[in-house]
Amino acid sequence: MLFSIIIPCQRISSCLREETIPAILKQKGAKFEIIVIPDQQTNLGLPKTSVFPQLGSPSQKRNLGLKKAKGEVVVFIDDDAYPSPDWLKNIAQNFKKSLKIAGLGGPGLTPPQDSFWAKISGWFWASPLGSGGAGQYRNWPQKKRLVDDYPTFNLAVKKEVLKKIGGFSCQFWPGEDTKLCLDLVYQLGKKIIYDPKSVVFHHRRKIFLPHLKQLGRYGYHRGLFVKLFPQTSRKIGYFLPALFSIGLLLGPIFYWLLSGLNLGLWASLISNAYLFCLGLYGVMLILNSFWVLGKSKNVAIAFLLLVVVPMSHVYYGFMFVWGLIARKDQLKKI
(Lines give C-alpha, C1' and ligand atoms only; values in the text may rest on other atoms or scores of the structure.)
Protein backbone atom coordinates (compact mmCIF):
# COMPACT_ATOMS: atom_id res chain seq x y z
CA MET A 1 0.00 0.00 0.00
CA LEU A 2 1.43 3.34 -1.10
CA PHE A 3 0.47 6.47 0.85
CA SER A 4 0.45 9.99 -0.60
CA ILE A 5 0.81 12.45 2.27
CA ILE A 6 -0.47 15.90 1.30
CA ILE A 7 0.54 18.99 3.27
CA PRO A 8 -0.90 22.36 2.19
CA CYS A 9 0.80 25.45 3.62
CA GLN A 10 1.44 29.12 2.92
CA ARG A 11 5.18 28.83 3.45
CA ILE A 12 7.74 26.29 4.60
CA SER A 13 7.61 26.73 8.36
CA SER A 14 10.21 25.55 10.84
CA CYS A 15 7.68 23.03 12.17
CA LEU A 16 7.18 21.54 8.71
CA ARG A 17 10.90 21.34 8.03
CA GLU A 18 12.06 20.23 11.48
CA GLU A 19 9.12 18.18 12.80
CA THR A 20 6.44 17.21 10.27
CA ILE A 21 8.56 15.84 7.42
CA PRO A 22 11.29 14.27 9.62
CA ALA A 23 8.60 12.43 11.62
CA ILE A 24 7.00 11.16 8.40
CA LEU A 25 10.37 9.99 7.07
CA LYS A 26 10.80 7.91 10.23
CA GLN A 27 7.62 5.90 9.61
CA LYS A 28 8.54 2.23 9.68
CA GLY A 29 7.35 -0.44 7.28
CA ALA A 30 5.34 1.94 5.08
CA LYS A 31 5.68 3.07 1.49
CA PHE A 32 4.87 6.73 0.99
CA GLU A 33 5.45 9.95 -0.86
CA ILE A 34 5.21 13.47 0.61
CA ILE A 35 3.54 16.25 -1.35
CA VAL A 36 4.01 19.79 -0.02
CA ILE A 37 1.98 22.63 -1.55
CA PRO A 38 3.19 26.11 -0.48
CA ASP A 39 2.39 29.46 -2.09
CA GLN A 40 5.79 29.72 -3.74
CA GLN A 41 8.39 27.34 -5.13
CA THR A 42 10.85 26.11 -2.52
CA ASN A 43 13.60 23.53 -2.74
CA LEU A 44 13.28 21.38 0.37
CA GLY A 45 15.89 18.88 -0.73
CA LEU A 46 14.37 16.10 1.38
CA PRO A 47 13.88 12.45 0.37
CA LYS A 48 10.45 11.29 -0.85
CA THR A 49 9.26 14.90 -0.85
CA SER A 50 7.89 16.83 -3.81
CA VAL A 51 6.92 20.51 -3.82
CA PHE A 52 4.13 21.83 -6.05
CA PRO A 53 3.56 25.56 -5.46
CA GLN A 54 0.09 27.04 -5.84
CA LEU A 55 -1.65 30.12 -4.52
CA GLY A 56 -5.08 29.40 -3.13
CA SER A 57 -7.10 27.99 -0.27
CA PRO A 58 -6.24 24.79 1.61
CA SER A 59 -8.97 23.02 -0.40
CA GLN A 60 -7.48 24.09 -3.72
CA LYS A 61 -4.05 22.96 -2.58
CA ARG A 62 -5.32 19.59 -1.39
CA ASN A 63 -7.08 19.08 -4.71
CA LEU A 64 -3.81 19.78 -6.53
CA GLY A 65 -2.10 17.28 -4.25
CA LEU A 66 -4.78 14.74 -5.09
CA LYS A 67 -4.06 15.17 -8.80
CA LYS A 68 -0.34 14.65 -8.19
CA ALA A 69 -0.79 11.72 -5.78
CA LYS A 70 0.38 8.28 -6.87
CA GLY A 71 -0.70 6.40 -3.75
CA GLU A 72 -3.77 4.25 -3.13
CA VAL A 73 -4.46 6.15 0.06
CA VAL A 74 -4.21 9.92 0.44
CA VAL A 75 -3.29 11.16 3.92
CA PHE A 76 -3.86 14.74 5.02
CA ILE A 77 -1.92 16.40 7.82
CA ASP A 78 -1.38 20.07 8.72
CA ASP A 79 1.98 21.78 8.50
CA ASP A 80 1.83 22.49 12.26
CA ALA A 81 1.44 18.82 13.15
CA TYR A 82 3.68 15.76 13.13
CA PRO A 83 2.81 12.04 13.35
CA SER A 84 3.60 9.41 15.96
CA PRO A 85 6.06 6.63 14.92
CA ASP A 86 3.40 4.01 14.03
CA TRP A 87 0.99 6.43 12.34
CA LEU A 88 1.02 4.95 8.83
CA LYS A 89 1.31 1.41 10.16
CA ASN A 90 -1.95 1.78 12.10
CA ILE A 91 -3.69 3.39 9.14
CA ALA A 92 -2.63 0.52 6.87
CA GLN A 93 -3.84 -2.12 9.34
CA ASN A 94 -7.28 -0.54 9.51
CA PHE A 95 -7.69 -0.35 5.74
CA LYS A 96 -6.58 -3.98 5.36
CA LYS A 97 -9.09 -5.20 7.94
CA SER A 98 -12.17 -4.09 6.00
CA LEU A 99 -12.79 -3.07 2.42
CA LYS A 100 -15.80 -1.07 3.63
CA ILE A 101 -13.57 1.53 5.28
CA ALA A 102 -12.95 4.48 2.97
CA GLY A 103 -11.49 6.92 5.49
CA LEU A 104 -9.72 7.02 8.83
CA GLY A 105 -9.08 9.77 11.37
CA GLY A 106 -7.05 9.85 14.55
CA PRO A 107 -6.59 12.17 17.51
CA GLY A 108 -4.43 15.28 17.52
CA LEU A 109 -2.60 15.67 20.82
CA THR A 110 -0.86 18.79 22.06
CA PRO A 111 2.93 18.43 21.65
CA PRO A 112 4.80 18.30 24.97
CA GLN A 113 7.13 21.09 23.80
CA ASP A 114 4.31 23.58 23.20
CA SER A 115 4.41 26.78 25.24
CA PHE A 116 2.42 27.14 28.46
CA TRP A 117 -0.20 29.37 26.79
CA ALA A 118 -0.59 26.98 23.87
CA LYS A 119 -0.99 24.03 26.25
CA ILE A 120 -3.94 25.78 27.90
CA SER A 121 -5.67 25.84 24.51
CA GLY A 122 -4.71 22.20 24.00
CA TRP A 123 -6.26 21.15 27.30
CA PHE A 124 -9.38 23.13 26.45
CA TRP A 125 -9.81 20.98 23.34
CA ALA A 126 -8.82 17.77 25.11
CA SER A 127 -11.05 18.21 28.16
CA PRO A 128 -14.60 16.76 28.38
CA LEU A 129 -16.36 20.10 28.91
CA GLY A 130 -14.07 22.19 26.74
CA SER A 131 -14.39 20.22 23.52
CA GLY A 132 -18.08 19.54 24.14
CA GLY A 133 -20.03 18.94 20.95
CA ALA A 134 -16.93 19.03 18.76
CA GLY A 135 -15.93 15.67 20.21
CA GLN A 136 -13.30 15.08 22.86
CA TYR A 137 -12.09 12.05 20.91
CA ARG A 138 -10.60 14.35 18.26
CA ASN A 139 -8.12 15.73 20.77
CA TRP A 140 -7.85 12.94 23.35
CA PRO A 141 -7.69 9.19 22.58
CA GLN A 142 -11.00 7.40 23.14
CA LYS A 143 -12.58 4.17 21.96
CA LYS A 144 -12.64 3.20 18.31
CA ARG A 145 -15.83 4.24 16.50
CA LEU A 146 -17.42 5.17 13.20
CA VAL A 147 -17.61 8.91 12.50
CA ASP A 148 -19.24 11.05 9.82
CA ASP A 149 -17.18 14.22 10.24
CA TYR A 150 -13.45 14.50 10.82
CA PRO A 151 -10.85 17.28 10.41
CA THR A 152 -7.98 17.08 7.95
CA PHE A 153 -5.22 17.58 10.51
CA ASN A 154 -5.19 13.76 10.60
CA LEU A 155 -7.35 12.14 7.94
CA ALA A 156 -6.61 9.31 5.50
CA VAL A 157 -8.94 8.54 2.58
CA LYS A 158 -8.78 6.11 -0.33
CA LYS A 159 -7.92 8.01 -3.49
CA GLU A 160 -10.55 6.27 -5.59
CA VAL A 161 -13.42 7.50 -3.41
CA LEU A 162 -11.97 11.01 -3.23
CA LYS A 163 -12.04 11.16 -7.02
CA LYS A 164 -15.66 9.97 -7.09
CA ILE A 165 -16.79 13.01 -5.12
CA GLY A 166 -14.47 15.38 -6.98
CA GLY A 167 -12.15 16.06 -4.05
CA PHE A 168 -12.68 19.01 -1.72
CA SER A 169 -15.27 21.74 -2.13
CA CYS A 170 -13.40 25.03 -2.51
CA GLN A 171 -16.39 27.00 -1.19
CA PHE A 172 -15.56 26.48 2.48
CA TRP A 173 -12.77 27.31 4.91
CA PRO A 174 -12.83 26.09 7.55
CA GLY A 175 -15.34 23.30 7.08
CA GLU A 176 -14.12 21.83 3.80
CA ASP A 177 -13.40 18.60 5.66
CA THR A 178 -16.98 18.51 7.01
CA LYS A 179 -18.33 18.70 3.45
CA LEU A 180 -15.86 16.05 2.26
CA CYS A 181 -16.82 13.58 5.00
CA LEU A 182 -20.51 14.23 4.45
CA ASP A 183 -20.12 13.37 0.76
CA LEU A 184 -18.20 10.19 1.58
CA VAL A 185 -20.69 8.94 4.16
CA TYR A 186 -24.07 10.17 2.90
CA GLN A 187 -23.48 10.45 -0.85
CA LEU A 188 -21.34 7.38 -1.45
CA GLY A 189 -22.42 5.36 1.61
CA LYS A 190 -18.82 4.81 2.73
CA LYS A 191 -17.47 4.42 6.27
CA ILE A 192 -14.97 6.56 8.16
CA ILE A 193 -13.41 5.04 11.25
CA TYR A 194 -11.75 6.76 14.18
CA ASP A 195 -8.66 4.95 15.48
CA PRO A 196 -7.16 6.28 18.74
CA LYS A 197 -3.80 4.69 17.87
CA SER A 198 -3.31 6.80 14.73
CA VAL A 199 -1.97 9.80 16.63
CA VAL A 200 -0.52 13.08 15.43
CA PHE A 201 0.79 15.90 17.61
CA HIS A 202 -0.90 19.16 16.67
CA HIS A 203 0.47 22.54 17.79
CA ARG A 204 -2.17 24.78 19.39
CA ARG A 205 -3.07 28.45 19.13
CA LYS A 206 -2.00 30.44 22.16
CA ILE A 207 -4.45 31.85 24.67
CA PHE A 208 -6.23 34.24 24.28
CA LEU A 209 -6.66 36.00 20.93
CA PRO A 210 -5.25 33.35 18.51
CA HIS A 211 -7.28 30.66 20.31
CA LEU A 212 -10.50 32.69 20.21
CA LYS A 213 -9.98 33.71 16.59
CA GLN A 214 -9.74 30.08 15.51
CA LEU A 215 -12.67 29.10 17.72
CA GLY A 216 -14.80 31.89 16.25
CA ARG A 217 -14.25 30.62 12.71
CA TYR A 218 -15.31 27.14 13.78
CA GLY A 219 -18.41 28.46 15.53
CA TYR A 220 -19.54 30.61 12.60
CA HIS A 221 -19.17 27.85 10.05
CA ARG A 222 -20.81 25.23 12.24
CA GLY A 223 -23.81 27.52 12.66
CA LEU A 224 -23.94 28.01 8.90
CA PHE A 225 -23.59 24.28 8.31
CA VAL A 226 -26.62 23.55 10.52
CA LYS A 227 -28.71 24.86 7.62
CA LEU A 228 -26.56 23.56 4.79
CA PHE A 229 -25.52 20.13 6.13
CA PRO A 230 -27.95 19.10 8.90
CA GLN A 231 -26.90 15.45 8.72
CA THR A 232 -23.63 16.16 10.49
CA SER A 233 -24.11 19.61 12.03
CA ARG A 234 -27.61 19.59 13.52
CA LYS A 235 -26.47 17.97 16.76
CA ILE A 236 -27.25 19.11 20.28
CA GLY A 237 -23.59 19.31 21.25
CA TYR A 238 -22.99 22.11 18.75
CA PHE A 239 -25.99 24.08 20.06
CA LEU A 240 -25.11 23.91 23.77
CA PRO A 241 -22.54 26.77 23.83
CA ALA A 242 -25.04 28.98 21.97
CA LEU A 243 -27.84 28.11 24.39
CA PHE A 244 -25.51 28.81 27.31
CA SER A 245 -24.46 32.17 25.84
CA ILE A 246 -28.02 33.26 25.07
CA GLY A 247 -29.23 32.17 28.49
CA LEU A 248 -26.38 34.01 30.18
CA LEU A 249 -27.40 37.22 28.39
CA LEU A 250 -31.20 36.96 28.46
CA GLY A 251 -31.68 35.56 31.98
CA PRO A 252 -31.08 38.87 33.83
CA ILE A 253 -32.99 40.82 31.16
CA PHE A 254 -36.11 38.66 31.56
CA TYR A 255 -35.81 38.85 35.34
CA TRP A 256 -35.67 42.66 35.37
CA LEU A 257 -38.45 42.88 32.79
CA LEU A 258 -40.81 40.59 34.72
CA SER A 259 -39.96 42.30 38.00
CA GLY A 260 -40.76 45.67 36.43
CA LEU A 261 -44.15 44.32 35.35
CA ASN A 262 -44.84 43.14 38.92
CA LEU A 263 -44.84 39.49 37.80
CA GLY A 264 -42.93 38.37 40.86
CA LEU A 265 -43.72 34.65 40.53
CA TRP A 266 -42.42 34.46 36.98
CA ALA A 267 -39.41 36.59 37.89
CA SER A 268 -38.66 34.21 40.75
CA LEU A 269 -38.92 31.18 38.43
CA ILE A 270 -36.55 32.80 35.94
CA SER A 271 -34.12 33.69 38.73
CA ASN A 272 -34.15 30.18 40.20
CA ALA A 273 -33.70 28.53 36.80
CA TYR A 274 -30.89 30.92 35.94
CA LEU A 275 -29.04 30.30 39.19
CA PHE A 276 -29.55 26.55 38.92
CA CYS A 277 -28.09 26.45 35.39
CA LEU A 278 -25.15 28.64 36.43
CA GLY A 279 -24.53 26.42 39.44
CA LEU A 280 -24.70 23.26 37.32
CA TYR A 281 -22.28 24.74 34.80
CA GLY A 282 -19.99 25.80 37.65
CA VAL A 283 -19.92 22.27 39.04
CA MET A 284 -19.11 20.83 35.59
CA LEU A 285 -16.43 23.47 35.16
CA ILE A 286 -14.77 22.50 38.44
CA LEU A 287 -14.98 18.78 37.64
CA ASN A 288 -13.49 19.50 34.21
CA SER A 289 -10.53 21.31 35.80
CA PHE A 290 -9.98 18.42 38.20
CA TRP A 291 -9.94 16.06 35.20
CA VAL A 292 -7.31 18.25 33.51
CA LEU A 293 -5.31 18.45 36.74
CA GLY A 294 -5.28 14.66 36.99
CA LYS A 295 -4.05 14.28 33.41
CA SER A 296 -1.69 17.26 33.13
CA LYS A 297 -0.39 17.45 36.73
CA ASN A 298 -0.34 21.23 36.19
CA VAL A 299 -2.24 23.31 38.74
CA ALA A 300 -1.88 26.57 36.80
CA ILE A 301 -3.40 25.14 33.62
CA ALA A 302 -6.29 23.55 35.52
CA PHE A 303 -6.96 26.84 37.32
CA LEU A 304 -6.81 29.03 34.21
CA LEU A 305 -9.26 26.74 32.41
CA LEU A 306 -11.88 27.94 34.91
CA VAL A 307 -11.73 31.19 32.93
CA VAL A 308 -10.75 29.94 29.47
CA VAL A 309 -13.55 27.37 29.12
CA PRO A 310 -16.53 29.68 29.79
CA MET A 311 -14.93 32.50 27.77
CA SER A 312 -14.44 30.10 24.85
CA HIS A 313 -17.97 28.73 25.11
CA VAL A 314 -19.52 32.20 25.11
CA TYR A 315 -17.50 33.39 22.11
CA TYR A 316 -18.10 30.18 20.16
CA GLY A 317 -21.79 30.36 21.07
CA PHE A 318 -22.31 33.87 19.73
CA MET A 319 -20.32 33.11 16.57
CA PHE A 320 -22.46 29.97 16.10
CA VAL A 321 -25.61 32.11 16.33
CA TRP A 322 -24.14 34.55 13.82
CA GLY A 323 -23.58 31.68 11.39
CA LEU A 324 -27.02 30.30 12.13
CA ILE A 325 -28.80 33.54 11.20
CA ALA A 326 -26.54 34.36 8.23
CA ARG A 327 -28.06 34.05 4.78
CA LYS A 328 -26.92 31.14 2.68
CA ASP A 329 -25.68 33.53 0.02
CA GLN A 330 -23.04 34.66 2.54
CA LEU A 331 -21.10 31.61 1.40
CA LYS A 332 -20.05 33.55 -1.66
CA LYS A 333 -18.19 35.95 0.59
CA ILE A 334 -16.31 33.31 2.60
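From the residues in the range 192-207 that are surrounded by fewer than 22 Cβ atoms within 10 Å (Cβ to Cβ) and either in the same structural domain as residue 323 (by TED's automatic domain parsing) or charged (D, E, K, R) (or both), which one is farthest from residue 173 (Cα to Cα)?
197
Return the residue satisfying two criteria in turn: it lies in the range 183-228 and is without any contact (Cβ under 8 Å) to a residue 60 or more places away in the chain and polar (S, T, N, Q), and of such residues it is nearest to residue 115 (Cα to Cα).
Looking at the filtered set, the residue picked out is 214.
Answer with yes or no whether residue 245 is farther than 27 Å from residue 278 by Cβ, touching a residue at least 40 places away in the same chain (Cβ under 8 Å) and buried (at least 20 other Cβ atoms within 10 Å of the Cβ).
No; evaluated as a whole, the condition is false for this residue.
Out of the residues in the range 212-234 that are of a type in the set (Phe, Trp, Tyr) and assigned to a helix (DSSP H, G or I), which is farthest from residue 317 (Cα to Cα)?
Only one residue tops the list, namely 225.
Right, residue 263: crowded, with 16+ Cβ neighbours inside 10 Å and at pLDDT below 95 or not?
Against the criterion (crowded, with 16+ Cβ neighbours inside 10 Å and at pLDDT below 95), residue 263 does not qualify.
If you go through the range 149-206, how many residues are within 25 Å of residue 55 (Cβ to Cβ), β-branched (Val, Ile, Thr) and not in a loop (DSSP other than H, G, I, E, B)?
Residues in the range 149-206 being within 25 Å of residue 55 (Cβ to Cβ), β-branched (Val, Ile, Thr) and not in a loop (DSSP other than H, G, I, E, B): 2 in total.
I'd like to know if the range 295-309 contains one or more residues that are assigned to a helix (DSSP H, G or I), charged (D, E, K, R) and either closer than 29 Å to residue 140 by Cα or in the same structural domain as residue 192 (by TED's automatic domain parsing) (or both).
Yes, there is a match, as at least one residue in the range 295-309 is assigned to a helix (DSSP H, G or I), charged (D, E, K, R) and either closer than 29 Å to residue 140 by Cα or in the same structural domain as residue 192 (by TED's automatic domain parsing) (or both).
From 175, 135, 189, which residue is at pLDDT below 95, of a type outside the set (Phe, Trp, Tyr) and surrounded by 23 or more Cβ atoms within 10 Å (Cβ to Cβ)?
Just one listed residue meets the conditions, 175.
Residues in the range 169-177: is at least one in contact with a helix residue (DSSP H, G or I) (Cβ under 8 Å, 6 or more places away or on another chain), free of Cβ contacts under 8 Å to residues at least 60 places away in the same chain and of a type in the set (Ser, Thr, Tyr)?
no
Does residue 64 fit the bill of being over 30 Å from residue 171 (Cβ atoms), hydrophobic (A, V, I, L, M, F, W, C) and touching a residue at least 12 places away in the same chain (Cβ under 8 Å)?
Criteria not met by residue 64.
Taking into account only those residues within the range 31-59 that are polar (S, T, N, Q) and either touching a residue at least 12 places away in the same chain (Cβ under 8 Å) or in contact with a Gly (Cβ under 6 Å, 6 or more places away or on another chain) (or both), which is surrounded by the most Cβ atoms within 10 Å (Cβ to Cβ)?
Applying the filter and picking the extreme gives 59.
The values are calculated or read from the model by the stated rules, or taken from the named source; none is laboratory data. Here the structure is a predicted model, which is why all the values come from computation and not from measurement. Here the Cβ is made from the backbone with ideal geometry for all residues, glycine too, and neighbour counts use every protein chain on show.
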